[in-house]
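Each remark here refers to the structure printed beneath this line.
The numbers here are math on the coordinates, done by the rules we state, and not lab data. Please read these numbers as outputs of a predicted model, since none were measured by experiment. Here the Cβ is made from the backbone with ideal geometry for all residues, glycine too, and neighbour counts use every protein chain on show.
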Amino acid sequence: MTFRSGSFRPRRLLAVGAALALFAAGGCGGADTADQAGNFDVLFIGGVTGPAATTVAATTKALDAAAKSVNENGGVKGRKMVITVKDSQGDPRRAVSLLQEQLSGDNKPDVVIPSGTSAEALAMVPVLTRNKLVSVAFGASPMLNDPQKYPYHFQSVPSSAAQLTGLRKHLEEKGAKRLGLLVSQDEYGKGVVQAVKAQLAGSSIEVRDFEFVPTDIDLSVYYRRMLDANPDFVYLDTTGDAAVRLLQARVQSGAVNMPTIVGSGMSLTAGGPFKYGSAEANKNLEILVFKVEVAVPESSQSPIFKDFIARYSGGQPIQNSLSTPALAWDQLRLVAAAASQDGALDDLPASLVKAVYNLKVEDGYWLTERQFTFTPDKHTPTPTPDDFPFIASVAQVNGQYQVADQ
């Protein structure tokens, strides 16, 4: 699929089929200009179909909106930003195969966005490292923040551990003594377990962690196994369709009276628990959210937020959580801000990595973080205390939770 705006002529049709191409026009360059000079090519590989299809649809739509914004403001040093999307079907092995196929051709991307899930990102990042390609993604596994192992990869969302900096205080205020932790048996779940245990290390709160197979239809067996550990507080997290079945298991296990928190993976799935969970499943339920998901009055919205909403929504109601498209928007604008610096593309990949370390943007540039700061020792953002609040599970309107006291 190719998108066109203004008087700019697309130089070629991108492949359709397994590949879904988004072309955001603007900037400079003629039809006979070499691709490397005329375009700034970004490759996204993720589950256009499969268990994360809803999340990926929001991601690709926001990437297109951000590319149009970038290109209408001069592109990347005058080069058009072109986004090519390939469908991994949510399979890490297929994701690696698609990546290797793309890298074997003549037109290698300038930057890669390796999925939005940790499992796929962790599968692709070693290949990207060997090929010395800069990548940016919002897979939140702490294992992706390893500058020594993956010197060209950056996270655009804080790791699971960073998102949970307020967990200990929150649980202590609630009087929790024994935490039952139930997560998906995958790389995302492993990262959540590491994060929760790291945040509660040294506290008096005992943690018992359990896993479930995310492809299983009935998750109540796993839920009851976790309850057998006699927790007085529960923390749940997963991504995609498994989030729906996990809340169903909470009801089936008779556990709706136990105070429960669901992590950010579940809060950004399918419009949030209030939408995909039953009224029973939402009892005594809190959610960890991105601050951008909490509704604020229009008078308090920044110009960049309003531009994002207008481009992403097209004037239509937003059905799902705003965090996923906001992350994708920030992700692409992060790439553009770094690559547009003087000398950022002179000696790849080192020059672009250096540009990411030297990011300088105006206040209010980001939607999901107050600021993005990366160093040679830290390739993940560090959130401020209010970037990831715990809120009651409430309805979303236009992708934002309608918290009464906000």
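Here are a few things to note about the model shown:
- Cβ-based charge dipole, the chain, positive-most Cα from G75, I309, L367: G75
- Projecting the Cα atoms of P151, A281, Q402 onto the charge dipole of the chain, computed from C-beta unit charges around the Cα centre, puts P151 farthest toward the positive end.
- Couplings 3J(HN,Hα) for segment 208-214, derived from phi with the Karplus relation 6.51 cos²θ - 1.76 cosθ + 1.60 (θ = phi - 60°), are 10, 9, 9, 10, 10, 7, x Hz, where x marks Gly and Pro.
- For the chain, the dipole from Cβ point charges (+1 on Lys and Arg, -1 on Asp and Glu) about the Cα centre works out to 300 debye, to the nearest 20.
- Helical content of the chain, expressed as a calculated mean residue ellipticity at 222 nm, amounts to -10000 deg cm²/dmol (DSSP H runs of 4 or more residues, -39,500 (n - 2.57) each, divided by residue number, nearest 500).
- Ratio of Rg to Rh over segment 246-312 (Cα coordinates, Kirkwood Rh, two decimals): 1.11
- Between 0 and 90 degrees, the angle of helix 242-252 with respect to the longest Cα principal axis of the chain falls at about 10 degrees.
- Percent RCO, i.e. relative contact order, over segment 134-284, from Cα pairs under 8 Å lying at least 6 residues apart: 20
- 5 angstrom amide H check on F210, placed H, neighbours 5+ away: L181, L182, V183
- Paramagnetic reach from K275 (point 7 Å along Cα→Cβ, amide N under 16 Å) across segment 303-320: 309, 312-320
- Straight-distance crosslink candidates among lysines, where the alpha carbon sits under 18 Å from K149 and sequence neighbours closer than 8 are dropped: K132, K354, K378
- When only the Cβ of Lys, Arg, Asp and Glu is charged (+1, +1, -1, -1), the dipole of segment 100-253 relative to its Cα centre reaches about 440 debye.
- When the Cα positions of L219, N358, T165 are compared along the charge dipole of the chain, N358 comes out farthest toward the positive end, with charges on each C-beta of Lys, Arg, Asp and Glu.
- Estimated vicinal HN-Hα couplings, Hz - segment 91-108 in sequence order (Karplus 6.51, -1.76, 1.60; Gly, Pro = x): 9, x, 5, 5, 4, 5, 4, 5, 4, 4, 4, 5, 6, 7, x, 7, 9, 6
- Based on the reciprocal of the average 1/r between different C-alpha atoms, the Kirkwood radius for segment 105-227 equals 16.1 Å.
- Among beta bridges from DSSP that stay inside the chain, the antiparallel ones total about 25%.
- Values of log10 I(q)/I(0), in the order q = 0.12, 0.14, 0.17 Å⁻¹, for segment 191-331 under a Debye, Cα-only, solvent-free model: -0.57, -0.73, -0.98
- Over segment 188-241, volume per residue of the alpha carbon convex hull, in Å³: 80
- Percent of Cα pairs in segment 324-365 per distance bin of 10 Å, from zero to the largest separation: 30, 50, 19, 1.
- Estimated Rh, the chain: Kirkwood, alpha-carbon pairs, angstrom: 21.6
- Whole-Hz ³J(HN,Hα) from phi, Karplus 6.51 cos²θ - 1.76 cosθ + 1.60, for segment 336-342, glycine and proline x: 5, 5, 6, 5, 7, 5, 4
- Solution diffusion estimate, µm²/s, Stokes-Einstein, segment 343-389, Kirkwood Rh from C-alpha pairs, 10 °C, viscosity 1.306 mPa s: 132
- Between the amide H of A270 and those of S321, distances stay under 5 Å, these residues lying 5 or more places away or on another chain, with hydrogens modeled in the peptide plane.
- Computed across segment 296-406, the Kirkwood radius stands at 15.9 Å (inverse of mean 1/r, all Cα pairs).
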